[in-house]
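Read the structure below first, then the notes.
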Amino acid sequence: MTLKDIKEFLDAEVICGEKYLDIEIKFAGGSDMMSDVLAFGQPGLLLLTGLSNSQSVRTADIIEAKAIIYVRGKKPDDIGIALAKEKDIPLLSTQHMMYTACGILYNKGLPGVSKN
Amino acid sequence: MVSSDLGLSERFEISGGDFSKAGTISTKIKEILQEIGIESSIIRRAAIASYEAEMNVVMYANSGSVILNITPEKLHLQLEDNGPGIEDIEKAMQEGFSTATDKMREMGFGAGMGLPNIKRNADRFEISSTPGEGTSLDIVFCLNKT
């Protein structure tokens with residue numbers, strides 16, 4: 001599914017990277033712990049997180065995630081947004097909580113990261 | 001940056017406690033590796049290890065440094081800090097063991113995954129630490145694996 005589909009499923013707001021909404025997303029993972037993301041993340045990941053500081057964007061860049069969805073209406077700080085623009089990482093924000101946001105996407109057929 | 005046909009060497013200073021800049025050096029290292037055309041899977045592993053190691057310095061030390069050394073055979077990250085040191089390295093290497101503060105956890109770190117993540121991504125990993133003096137890490141990635 002595309003990032004645009006995901007935006008609609010989650011009724012999300014685009015914080016930056018509107019021009020990347022057509023990118024294809026094949027799998028997702030959710031965590032607030034960046035070390036977990038660094039451990040399980042694979043290139044192409046859609047990251048769902050409630051961590052709104054710039055480390056979320058930096059972690060996404062390091063693991064080559066495709067986009068970030070902030071849950072529970074959170075939004076990154078200015079440093080995070082500037083970094084996302086520089087690294088071409090689209091950022092979206094949904095009012096849904098983590099469990100619900102992940103559930104909606106899983107239900108729509110977006111799988112999680114494979115264990116190995 | 002010192003660069004020649006034989007390799008490249010660059011030293012970066014890490015400011016402890018400066019969470020706003022935390023990770024910038026690893027981003028820079030990743031960019032250097034991309035510029036010189038290192039294989040993408042190795043860049044990814046090196047970037048993850050470097051970022052975890054940089055975060056440890058930011059979180060625990062007043063200052064530290066990382067030296068990036070690249071030869072045709074290997075990519076070498078050497079980190080040194082003047083932090084509190086690690087009393088029990090074996091324990092610190094266990095996933096889930098953490099001495100992190102709430103502030104560190106607010107940054108999304110401190111889950112006790114840092115050192116294990118570095119080890120998992122490296123081809124060779126060595127750690128030495130003296131309580132009260134600091135910690136040093138040697139992280140090596142082989143560049144010509146067959």
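The values are calculated or read from the model by the stated rules, or taken from the named source; none is laboratory data. All values derive from a computational prediction rather than experimental measurement. Neighbour counts are summed over all protein chains in view; Cβ atoms, including those assigned to glycine, are modelled from backbone coordinates with ideal geometry. SASA here: full protein model, heavy atoms, side chains in, ligands and nucleic acids out. Shrake-Rupley method; radii C 1.70, N 1.55, O 1.52, S 1.80 Å.
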task = Report, in debye and to the nearest 20, how large the dipole of chain B comes out about its Cα centre when Lys and Arg carry +1 and Asp and Glu carry -1 on their Cβ.
result = 380 debye
inquiry  = Need one number: buried accessible surface between chains B and A, 1.4 Å probe, both sides summed, DNA, RNA and ligands left out, in Å² to 100.
reply    = 1900 Å²
key: Residues whose placed amide H lies under 5 Å from that of B:ILE14, excluding near-sequence neighbours   = B:GLY64, B:SER65, B:VAL66
remark   = FRET efficiency (B:LYS28, B:CYS142; Cβ distance; R0 22 Å; to 0.05) is 0.45
ask   = Using the Karplus equation 6.51 cos²θ - 1.76 cosθ + 1.60 (θ = phi - 60°), what ³J(HN,Hα) coupling, rounded to whole Hz, does each residue of region B:8-21 give in order, writing x for Gly and Pro?
value = 9, 9, 8, 10, 10, 9, 10, 8, x, x, 8, 5, 5, 9
note = Rounded to two decimals, the Rg over Rh value of region A:3-107 from Cα coordinates and the Kirkwood Rh reads 0.91
remark   = Per residue convex hull volume, Cα only, region B:59-126, in Å³ is 104 Å³
ask   = Where in region A:73-95 is the amide nitrogen less than 15 Å from a point lying 7 Å along the Cα-to-Cβ axis of A:LYS19?
value = A:84-91
key: Per-residue ³J(HN,Hα) for region B:82-99, Karplus 6.51 cos²θ - 1.76 cosθ + 1.60, θ = phi - 60°, Hz, x for Gly and Pro   = 10, x, x, x, 10, 5, 10, 5, 4, 5, 5, 7, 7, 4, x, 6, 8, 10
Extension gain, B:GLU133 back to B:GLU13 (0.36 nm per residue minus Cα-Cα distance, nm) = 41.5 nm
key: Net dipole in debye of the protein assembly as shown [+1 Lys, Arg Cβ; -1 Asp, Glu Cβ; about Cα centre; nearest 20]   = 700 debye
Heavy-atom accessible surface of region B:2-142: percent carbon and sulfur, 1.4 Å = 47 percent
inquiry  = If I model a spin label at B:ARG105 and B:SER41 as a point 7 Å from the Cα along the Cα→Cβ vector, what separation in nanometres do I get?
reply    = 3.6 nm
request  = Give me the Debye-computed log₁₀ of I(q)/I(0) at q = 0.12 Å⁻¹ for chain B, equal point scatterers on Cα only, no solvent, two decimals.
outcome  = -0.46
request  = Return the long-range amide H neighbours of A:THR2 (sequence gap of 5 or more, or a different chain), with a cut-off of under 5 Å between placed amide H atoms.
outcome  = A:ILE25
inquiry  = Using the crude model of +1 on Lys and Arg Cβ and -1 on Asp and Glu Cβ, and no other charge, please compute the dipole size for chain A relative to its Cα centre, in debye to 20.
reply    = 200 debye
note = Restricting to Cα pairs under 8 Å and 6 or more apart, the percent relative contact order of chain B works out to 26 percent
task = State, to one decimal in nm, how far the label point of A:LYS4 lies from the label point of A:LYS26, with both points 7 Å from Cα in the Cβ direction.
result = 2.1 nm
query = How big is D for the protein assembly as shown, in µm² s⁻¹ as a whole number, if Stokes-Einstein is applied with the Kirkwood radius of its Cα pairs at 37 °C and 0.692 mPa s?
reply = 174 µm²/s
